[in-house]
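The values are calculated or read from the model by the stated rules, or taken from the named source; none is laboratory data. Small disclaimer: the values here were computed from a predicted structure and weren't measured. Heads up, the Cβs are rebuilt from the backbone with ideal geometry, glycines too, and the neighbour counts pull from every protein chain shown.
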Amino acid sequence: MMNSRALVAFRLVRSRHAFLLIVLGLAVILLSGSGPARAQGELTYSQYRDLSWAAIRMEHVTKFEPIHGEEGMFFAIADRYGTVQVSKMDANGVRLIWKSIQLSGIPDEVITADLDGDSLDDSILCRTSNGKVYVWSMDGYDLLWESLPSEYQMVSCFTTANMDEDQANEIVMIADNRIVYVDGGTFTKSFTSINEYSATQMRCGDVDGDRRIEIVLNTGQVVDSVSGDIEWEDETFFGKIELFDINGDGIPEILTENPGNGPLKVFDAGHRFEVRFQ
Ligand SMILES: [Ca+2]
Ligand SMILES: [Ca+2]
Ligand SMILES: [Ca+2]
Ligand SMILES: [Ca+2]
């Protein structure tokens, strides 16, 4: 009797021991697997490079980081059939996350932007051939704002920048040849220029270091953001422009080039001359 009970107890201990060993073994497998599994979620270098090139070079493609810190990257594509689609790319591939409603017109450009002014992108913006602008939240893809159907015939370019005192950035655009600001927090129109402009690309920045933001147009005008008047237009820019502080002095230079062929020109707007790198 005692012997059999001792045997049962021994078997019980042995089976518990085996059970603990199995649990321990599984834990080791899971833990050792969790390292590589996490790493596998991130994009490969070539995935990231290909996505970046497409997003930088194409006006119908833009990319953004997951806003809750997940692995991978998101990108939005504005297709010719009138929708904006968001997909997620990671090491496992690409999967569609969200598709917009049918938009009015054919998308001309999609961008991501920080509208609340905390320096982190929070919104996806699209302008279409019908003069419509749409804004969606990156967190849930709610439609935050759309311009009224007959408000503008044509929105030829847009960007975002803080054009006034409040923290929210403005949507800055050329709508029916006038520079228009729409507050990115309330989506109310806060400025319409009297002068008309015909640019197809615009960038905003304090390009002369006077602590007032300028609007730089690819037609060659540098426009004061408060009055909407031209500050400088001695030079004709090429088709594409970017603002970039190329010498690190805190004031962005105006970089301009033609799509396709031709040279780069760099302008110092403060001194109103072309910068020569020689
Ligand atoms: Ca933000
Ligand atoms: Ca503002
Ligand atoms: Ca300025
Ligand atoms: Ca500079």
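For this structure, a couple of remarks:
- Matching residues, the stretch 80-110, being touching a Gly at 6+ places or on another chain (Cβ under 8 Å) and assigned to a strand (DSSP E or B): Lys88, Met89, Asp90, Pro107
- Residues in the stretch 232-256 that are surrounded by 18 or more Cβ atoms within 10 Å (Cβ to Cβ) and either modelled with pLDDT under 95 or within 16 Å of ligand 1 (Cβ to nearest atom) (or both): Trp232, Phe237.
- Test result for Arg178, over 18 Å from Thr112 (Cβ atoms) and touching a Ser or Thr at 6+ places or on another chain (Cβ under 9 Å): yes
- Selection within the stretch 172-186 - in contact with a strand residue (DSSP E or B) (Cβ under 7 Å, 6 or more places away or on another chain) and within 20 Å of Met154 (Cβ to Cβ): Val172, Met173, Ile174, Ala175, Asn177, Arg178, Ile179, Val180, Tyr181, Val182
- Residue within the stretch 228-238 that is under 26 Å from the mean Cα position of the chain (by Cα), away from ligand 3 (no atom under 16 Å from the Cβ) and on the phi < 0 side of the Ramachandran plot present: yes
- Selection within the stretch 186-213: residues that are in contact with a Leu (Cβ under 9 Å, 6 or more places away or on another chain) and of a type outside the set (Ser, Thr, Tyr). The member of this set that is nearest to ligand 4 (Cβ to nearest atom) is Val207.
- Checking Glu70 against (1) assigned to a loop (DSSP other than H, G, I, E, B); (2) at pLDDT 95 or above, the condition it does not meet: (2)
- Hits in the stretch 74-113 - residues which are in contact with an Asp or Glu (Cβ under 9 Å, 6 or more places away or on another chain) and either closer than 15 Å to Ser123 by Cα or among the basic types (Lys, Arg) (or both): Phe74, Ala78, Gln85, Lys88, Glu109, Val110, Ile111, Thr112, Ala113
- Looking across the stretch 99-125 at every residue that is of a type in the set (Gly, Ala, Ser) and away from ligand 2 (no atom under 16 Å from the Cβ), the one that is surrounded by the most Cβ atoms within 10 Å (Cβ to Cβ) is identified as Ser100.
- Looking across the stretch 176-218, the residues that are among the hydrophobic types (A, V, I, L, M, F, W, C) and within 16 Å of ligand 3 (Cβ to nearest atom) come down to Ile179, Met202, Cys204, Val207, Ile213, Ile215, Val216, Leu217.
- The residue that is surrounded by the most Cβ atoms within 10 Å (Cβ to Cβ), counting only those in the stretch 187-209 that are among the hydroxyl-bearing types (Ser, Thr, Tyr) and assigned to a loop (DSSP other than H, G, I, E, B), is Tyr197.
- Matching residues, the stretch 159-187, being farther than 13 Å from Val135 by Cα and of a type in the set (Ser, Thr, Tyr): Tyr181
- Filter result for Asp142 (within 16 Å of ligand 4 (Cβ to nearest atom), modelled with pLDDT of 95 or more and touching a strand residue (DSSP E or B) at 6+ places or on another chain (Cβ under 8 Å)): no
- Hits in the stretch 163-181 - residues which are closer than 14 Å to Ile215 by Cβ and either surrounded by 17 or more Cβ atoms within 10 Å (Cβ to Cβ) or small (Gly, Ala, Ser) (or both): Met163, Asn169, Glu170, Ile171, Val172, Met173, Ile174, Ala175, Ile179, Val180, Tyr181
- Here the condition is being surrounded by fewer than 18 Cβ atoms within 10 Å (Cβ to Cβ), closer than 26 Å to Ile174 by Cβ and among the hydrophobic types (A, V, I, L, M, F, W, C); of Leu143, Leu96, it holds for Leu143 alone.
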